[in-house]
Amino acid sequence: MKNRSNILKKCYPLVATGNWDAIAIADIEKVIKQTRGAIAYYFKNKKTLFANILDELFAGVRALG
């Protein structure tokens with residue numbers, strides 16, 4: 001699970017660009033310094049990866065509520 005968490009955290013800057021649809025899997029591979037196999041192991045697709053990134057980013061906010 002540590003690798004999964006690292007992938008999510010390394011993708012934060014990509015989400016911040018506000019243009020997730022334009023980001024290719026190859027771009028994600030470069031940022032996380034791993035292959036698409038690592039991405040596919042933890043996430044069904046790019047949409048699932050994005051949803052998990054947002055879940056992690058807002059976990060603290062949900063904990064307050």
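Where a number appears in this text, it was derived from the coordinates with a stated rule and is not lab data. Owing to the predicted nature of the structure, the values given are computational and were not obtained by experimental measurement. Quick reminder, even Gly has a Cβ in these numbers, built from the backbone with ideal geometry, and neighbours come from all protein chains shown.
Worth pointing out:
- Per-residue ellipticity at 222 nm from helix content only, as computed over the chain with -39500 (n - 2.57) for each DSSP H run of at least four residues, stands at -21500 deg cm²/dmol.
- Proximal charge balance of residue 37 [Cβ under 14 Å; K/R count +1, D/E count -1]: +3
- Taking only Cα atoms of the chain, radius of gyration then Dmax in Å: 11.7, 37
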